[in-house]
Amino acid sequence: MRSPRPRPDLALEAGAGRVAGVDEAGRGPLAGPVVAAAVVFLRPPPAALAALIDDSKKLKEAQRDAACAAIRAAAAEGAIEFGIGAASAAEIGTHNILRATHLAMARAVARLAALPDLALVDGNQPPRLPCPVRCVIGGDALSLSIAAASILAKTVRDRAMTRLDPRWPGYGFARHAGYPTAAHLAALQQLGPSPHHRRGFRHLARRHVGDAVQAAGPDGHQRLLRRQGPADRLRDLVDDRQARQLRVAAARPEARISEQVAGQEPRAP
């Protein structure tokens, strides 16, 4: 019989003082912000809470929602502190996705009640934080605080994209959260970008649309073209200078989403 998969625990946090686990959600999408969370366990969690927490990618949506609610309840009881930070699509276009991710992480740590003695960061690229940093590859499967941060970041971001959906109908943000699904790429072909699509998405879209067309067969490209109207095809003829002007104008409402995401996640007591 296969042995159970090890669950994340507090072994990496032990003996290091006040330790924050830091993780992000949303590096891969074509639209929306990247969101980060920082979580500090002020005391060992009860077994029932620890059992709910795991790498967010390994949990179903209902499981993430239950874990997120339990983490918030523990924060309200003073057992956990957390902070949420985000970087907007405009900031991703300005800084690139790695730097924007690190910016979101720094904002999340800054929203903690006090700076940690150590930040355990998922991955292998250390962000610049006002505290010592230790990178942990696969940390969301090892560290309970990183796993909790991954759940908060994923849940907050998904809900933010769901709130965008009725404001920008047709893209399906509530279904794919901005990731390059076939439906999302088809919507981009038909509608063009929204203000919440990331600068440089055209390059990504071409690459992914090409993959989708190849998978669809020899007439796949014609099927995609037939979904476009004259206005959509004309949009493709806008020169680079005009496109830059459109992106700058579009970035203004998007720049507020970082504050909106973080503002809905008040600093935990």
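Taking the empirical scaling 2.2 N^0.38 Å for compact globular proteins as reference, the stretch 38-151 has a Cα radius of gyration ratio of 1.06.
Quick one: compute a quarter of the convex hull surface over the Cα atoms of the stretch 135-200 and quote it in nm².
Working: hull surface 22.8 nm².
If I average the Cα hull's projected area over directions, I get 5.7 nm².
Please give the FRET efficiency for Ala186 paired with Ile137, using the beta carbon to beta carbon distance and R0 = 25 Å, rounded to the nearest 0.05. Working shown, then result.
Values: r = 35 Å, r/R0 = 1.41.
Computed FRET efficiency for Ala186 and Ile137: 0.10.
For Ile53, Ile84, Ile137, the sequence from fewest to most other C-beta atoms within 10 Å is Ile137, Ile84, Ile53.
Values quoted throughout were computed directly from the atomic coordinates according to the rules given, and no laboratory measurement underlies them. Remember, it's a predicted structure, so these values are computed and weren't measured experimentally. Neighbour counts are summed over all protein chains in view; Cβ atoms, including those assigned to glycine, are modelled from backbone coordinates with ideal geometry.
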